[in-house]
Amino acid sequence: MKYCIACSMPLVKKEDFSQGNENSEFCLHCTNENGEVLSCEEIFNGGVKFFLEFLGEDKELAQKVTRKNMSQLSYWQDKNCKELEGEKATDEEFQAVMQKLQA
């Protein structure tokens, strides 16, 4: 299975890919209508919003999980992204959230 290199969303259906292009490395949420990759801030905020749907009101944990998730992705390794600075979820916190997503 392919995953978005900017947010790690699973790319399962054609509609999951940026512009429906199954050769894209990005999901529909990480690009604009022209297929250009959104800013780190926009993708980070989208990740926080996504995780808040599963974590309730724990915005701090949603930010830490998003920060850890994005920091592990190859796309962000050579990018200067201030949103990825700061406290990240522990391995245990991250795994607990990932297991909750799969439930």
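Every read-out reported here was derived from the displayed coordinates using simple, explicitly stated rules and does not represent laboratory data. Because the structure is a prediction, the values reported are computed rather than measured. Cβ sites come from the backbone with ideal geometry, for glycine too, and all protein chains shown count toward neighbours.
Based on Cβ point charges of +1 for Lys and Arg and -1 for Asp and Glu, what charge dipole magnitude is obtained for segment 1-80 about its Cα centre, in debye rounded to the nearest 20?
Its charge dipole is roughly 260 debye.
If you average 1/r over every pair of different alpha-carbon atoms in the chain and take one over that average, what Kirkwood value in Å do you get?
So the Kirkwood estimate lands at 14.0 Å.
Given H placed on each backbone N at 1.01 Å, which residues far from Leu38 in sequence or on other chains put an amide H within less than 5 Å of it?
Thr31, Asn32
Once the Cα atoms of helix 91-102 and of the chain are each reduced to a long axis, what angle between those two axes, in degrees from 0 to 90 to the nearest 10, is obtained?
Between the helix axis and the principal axis of the chain, the angle is about 60 degrees.
So how far apart, in nm, are the two label points at Leu55 and Glu42 if each is 7 Å from Cα heading toward Cβ?
2.3 nm
Aspartates and glutamates within cross-link reach of Lys68: Cα-Cα under 14 Å, excluding same-chain residues under 8 positions apart?
Straight-distance partners of Lys68: Glu60, Glu83, Glu85, Glu87, Asp91, Glu92, Glu93.
Return the distance in nm (one decimal) between the two label points of a simple spin-label model at Ala103 and Gln77, each offset 7 Å from Cα along Cα→Cβ.
Taking the two extended label points, one gets 3.4 nm.
Once phi is turned into θ = phi - 60°, what whole-Hz ³J(HN,Hα) does the Karplus curve with 6.51, -1.76 and 1.60 give for every residue of segment 5-13, x standing for Gly and Pro?
So the J values, rounded to whole Hz, are 7, 9, 9, 6, 5, x, 9, 9, 9.
Please identify the GluC sites (Glu not before Pro) of segment 65-102 that satisfy two criteria: DSSP loop assignment and at most 13 other Cβ atoms within 10 Å. Which are they?
Loop-located and lightly packed - Glu85, Glu87.
If the limit is 28 Å between Cα atoms, which of Lys13/Lys49; Lys14/Lys59; Lys13/Lys82; Lys59/Lys100; Lys14/Lys49 go over it?
With Cα atoms farther than 28 Å apart: Lys14/Lys59; Lys13/Lys82.
For the charge dipole of the chain, defined by +1 on Lys and Arg C-beta atoms and -1 on Asp and Glu C-beta atoms about the Cα centroid, which residue among Leu38, Leu52, Phe17 has the Cα displaced farthest towards the positive pole?
Highest projection toward the positive end goes to Phe17.
Once you list every other residue whose beta carbon is under 11 Å from the beta carbon of Lys49, what net charge do they have if Lys and Arg are +1 and Asp and Glu are -1?
Around Lys49, the surrounding residues sum to -1.
For every other residue with a beta carbon closer than 9 angstrom to the beta carbon of Thr90, add +1 if it is Lys or Arg and -1 if Asp or Glu, then tell me the sum.
0
What number, in percent, do you get for the relative contact order of segment 5-97 if the mean sequence gap of Cα pairs under 8 Å and at least 6 apart is divided by its residue count?
The normalised contact order for segment 5-97 reaches 25 percent.
Please sort 67-74, 23-30 by packing, taking for each peptide the average over its residues of neighbouring beta carbons within 10 angstrom, highest first.
23-30, 67-74
Taking the Cβ of Ser71 as the center, what net charge do the other residues with Cβ under 12 Å away carry, scoring Lys and Arg +1 and Asp and Glu -1?
+2
For Glu22 and Glu93, what does the FRET efficiency come to when R0 = 35 Å and r is the distance between their Cβ atoms, rounded to the nearest 0.05?
The computed FRET efficiency comes out at 0.60.
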